[in-house]
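Q: Quick one: structure below, then a few questions.
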Amino acid sequence: MLFTSISFLYYFLPIVIILYFIVPKKFKNFILFLSSIFFYFCGEPIYTFLMIGEIFIAYVGARYLEKHMKKSILVSLLAIHIGALGLFKYSDFTINNINQIFGSKIPLLKLALPIGISFYTFQIISYVVDVYRGKVKAQKSFLKLATYVSLFPQLIAGPIVRYETIEKELDSRTSNFENFAYGVRRFVIGLGKKVLIANMLGELCDVFSTTNEKSILFYWIFAISYSLQIYFDFSAYSDMAIGLGRMFGFHFLENFNYPYISKSITEFWRRWHMSLSSWFRDYVYIPLGGNRKGTIILVRNIFIVWALTGIWHGANWTFVIWGLMFGIMLIIEKLFLTKHLEKMPSILQRIYVLFTVMISFIIFNANSIGEAWNNIIGLFGANGESLINASTVYYLKSYLVVLVIAIIGSTPLLKNIIEKLKTKTNANKIINLLEPIAMASILIIVTAYLVDNSYNPFLYFRF
């Protein structure tokens with residue numbers, strides 16, 4: 001079940017909200033847990049039991065770990081959860097590579113990838129590790145831990161919510177009009193970003209992938225469009241998750257902060273998918289020694305973190321290359337490039353970041369290294385296409401408006417204008433009056449689009 005589906009918007013969510021707010025406080029977690037299990041069951045009937053099993057192991061294991069505080073217990077728990085992720089996500093990738101290297105014919109397991117396993121596994125790992133570190137107490141209620149792991153707003157595609165972030169809210173949280181109104185507003189904004197911008201850009205990218213009438217300009221349009229699509233797709237999901245969480249009294253941390261205005265790759269990763277980059281920092285990079293043990297160890301640690309970041313996104317060498325590319329860029333920046341970047345005009349810093357990220361997402365999107373290479377060299381005319389053709393002009397005209405809106409929307413320009421206007425009394429009154437009208441309009445337009453159009457993928461469901 002997708003957030004951007006009629007069944008979720010007009011059946012599942014209203015029923016859950018009604019049930020949640022009419023039951024006594026002591027039953028609210030129970031309603032959320034049952035709702036989350038049903039939500040997951042709709043997409044993954046069999047793997048629902050896998051998730052519940054992993055939650056039970058984490059529940060029993062964390063309590064036993066807290067009692068004995070032995071590293072061997074922690075290692076065993078991590079092996080179980082990482083092993084499950086590895087089995088379902090990387091078994092065929094590993095077998096394929098073994099077969100290619102050694103000429104063997106080991107049959108593939110062909111296991112379907114459980115939706116959201118990358119996200120809920122990382123949440124479980126952070127919980128278990130934090131119990132071992134003494135940062136949090138092991139949860140004594142299975143229901144509360146299960147609610148945390150399976151909470152439907154962030155279950156399928158994040159953000160990665162750490163147990164410590166909502167530990168207190170699992171016991172006591174505030175449900176009021178202010179939180180609910182903020183949640184609705186944030187959810188509707190995310191819904192609009194996804195359906196009206198990301199989906200449109202996705203259609204354009206699909207046209208590029210299937211057409212035989214490419215041009216140099218079309219390669220550039222595709223590269224820019226996909227970079228914008230993945231931002232609006234994933235940040236929209238995060239907006240909706242944060243909004244849904246707030247409706248039920250949970251305060252999830254921000255996951256995106258206008259990454260395309262960054263002046264370095266280091267800054268980009270402080271603004272992009274912040275829950276993932278901070279997770280790798282706290283549970284991999286720092287435990288490995290971070291930058292405290294000299295340059296060689298620093299370089300090693302960055303390579304390890306970014307190889308893992310790449311492979312976390314998917315079982316394909318394109319993801320590994322994508323991750324290592326960022327690792328190399330971060331190493332270069334840390335060792336010597338940053339001091340030179342800081343002396344450059346801001347516009348050149350931003351062009352450097354945007355071009356690097358654009359190339360990285362061409363690799364990220366490709367099904368093979370060869371496809372990625374062809375799309376990269378196509379930007380520079382190396383595939384023999386003309387500079388521009390009639391097909392390119394047609395699609396540019398068709399999607400120009402959404403491209404312009406996406407470019408503007410990927411910056412804080414509109415947000416800053418609105419915040420500045422809110423400081424003026426009369427303008428603030430007008431904004432407060434128009435805001436619910438705007439939210440209702442977005443919801444109506446999105447509904448019409450969803451009824452009329454079947455193109456509605458979520459990119460991060462692949463991971």
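Q: Give me P(r) over the stretch 1-84, computed from all C-alpha to C-alpha distances, binned every 10 Å, as integer percentages.
A: Using 10 Å bins, I get a P(r) of 15, 32, 29, 19, 5 for the stretch 1-84.
Q: With Rg/Rh (Cα atoms, Kirkwood Rh) in mind, check (1) 0.96; (2) 1.03; (3) 0.94 and report the label derived from this structure.
A: Evaluating Rg/Rh (Cα atoms, Kirkwood Rh) on these atoms matches (1).
Q: Okay, moving on. When we measure straight from the Cα of Lys110, which lysines land under 18 angstrom away, once same-chain ones fewer than 8 places off are left out?
A: Reachable lysines: Lys89.
Q: Using a 7 Å offset from the Cα along the Cα-to-Cβ direction at both Lys135 and Leu19, what is the distance between the two label points in nm, to one decimal?
A: So the two model labels end up 3.3 nm from each other.
Q: I've got another one for you. If you find the alpha carbon centre of the stretch 336-386 and of the stretch 271-296, how far apart are they in angstrom?
A: The two parts, judged by their Cα centres, are 25 Å apart.
Q: A follow-up question, please. First check a/c for the stretch 241-397, with a ≥ b ≥ c the square roots of the eigenvalues of its C-alpha gyration tensor; if it is under 1.5, answer rounded, and if not, answer prolate when a/b is larger than b/c or oblate otherwise.
A: Numbers: a/c = 1.64, a/b = 1.33, b/c = 1.23.
It comes out prolate by the Cα gyration axes.
Q: Now for a separate question. Apply the a/c threshold of 1.5 to the C-alpha gyration tensor of the stretch 1-156 and tell me whether it is rounded, prolate or oblate. Display every interim value, and only then the final one.
A: Numbers: a/c = 3.25, a/b = 1.26, b/c = 2.58.
It comes out oblate by the Cα gyration axes.
Q: Could you give the length gained by full extension between Leu413 and Asn291, i.e. 0.36 nm per residue of separation minus their alpha carbon distance, to one decimal place? Kindly include the intermediate steps, with their values, before the conclusion.
A: Working: separation 122, 0.36 × 122 = 43.92 nm, distance 3.53 nm.
Here the answer is 40.4 nm.
Q: Relative contact order for the chain: what percent, with Cα pairs under 8 Å and sequence separation of 6 or more?
A: Values: 546 pairs, mean separation 82.5, N = 463.
For the chain, the relative contact order is 18 percent.
Q: Related question: Counting only C-alpha contacts under 8 Å and six or more residues apart, can you give the relative contact order of the stretch 257-372 as a whole percent? Don't skip to the end; give the middle numbers.
A: Values: 116 pairs, mean separation 34.1, N = 116.
Dividing the mean separation by the residue count of the stretch 257-372 yields 29 percent.
Q: Of all accessible surface on the chain at a 1.4 Å probe, what whole percent is carbon and sulfur?
A: On the way: 14530 of 21610 Å².
After summing per-atom areas, the C and S share lands at 67 percent.
Q: Right, something else. What chymotrypsin sites (Phe, Trp or Tyr not before Pro) does the stretch 356-447 have in DSSP loop regions with at most 15 other beta carbons within 10 Å? Numbers along the way, then the final one.
A: Working: sites: Phe361, Phe364, Trp373, Phe380, Tyr394, Tyr395, Tyr399; in loops: Phe380.
Taking the stretch 356-447 and a limit of 15 other Cβ atoms within 10 Å, the loop chymotrypsin sites (Phe, Trp or Tyr not before Pro) found are Phe380.
Q: Between beta-carbons, use under 15 Å as the cut-off and find the net charge around Ser386, counting Lys and Arg +1, Asp and Glu -1.
A: Surrounding charge for Ser386 is -1.
Q: Would you mind getting the accessible area per residue of the chain, heavy atoms of the protein chains only, 1.4 Å probe, in Å²?
A: Values: 21610 Å² over 463 residues.
Normalised by residue count, the accessible surface of the chain is 47 Å².
Q: Oh, and also: Hey, rough spin-label estimate for Thr423 and Leu387, points 7 angstrom out along Cα→Cβ, what's it come to in nanometres?
A: Distance between the two pseudo-spin positions: 4.5 nm.
Q: A further question follows. Let me make sure I get this right: for the stretch 56-141, a, b and c are the square roots of the gyration tensor eigenvalues over alpha carbons, sorted descending. Under 1.5 in a/c it's rounded, otherwise prolate if a/b > b/c, else oblate. Which is it? Spell out each step's value before the answer.
A: Values: a/c = 3.60, a/b = 2.44, b/c = 1.48.
Verdict is prolate for the stretch 56-141.
Q: Using only the alpha-carbon atoms, what does the stretch 197-303 span along each of its principal axes? Please give whole angstrom values in decreasing order.
A: The Cα atoms of the stretch 197-303 stretch 53, 44, 23 Å along the principal axes, largest first.
Q: Once you've got the Cα coordinates, tell me which of Lys135/Lys334; Lys26/Lys168; Lys193/Lys415 are over 25 Å apart. List each step's numbers first, then the result.
A: Details: Lys135/Lys334 30 Å; Lys26/Lys168 14 Å; Lys193/Lys415 14 Å.
Lys135/Lys334, as the Cα separations exceed 25 Å there.
Q: To the nearest Å, what is the center-to-center distance of the stretch 239-265 and the stretch 107-123, using C-alpha atoms only?
A: Computed from Cα coordinates, the inter-centre distance equals 24 Å.
The values are calculated or read from the model by the stated rules, or taken from the named source; none is laboratory data. Source: prediction; values computed, not measured. Neighbour counts are summed over all protein chains in view; Cβ atoms, including those assigned to glycine, are modelled from backbone coordinates with ideal geometry. With ligands, DNA and RNA removed, areas are computed over all heavy atoms of the protein, side chains included. Shrake-Rupley method; radii C 1.70, N 1.55, O 1.52, S 1.80 Å.
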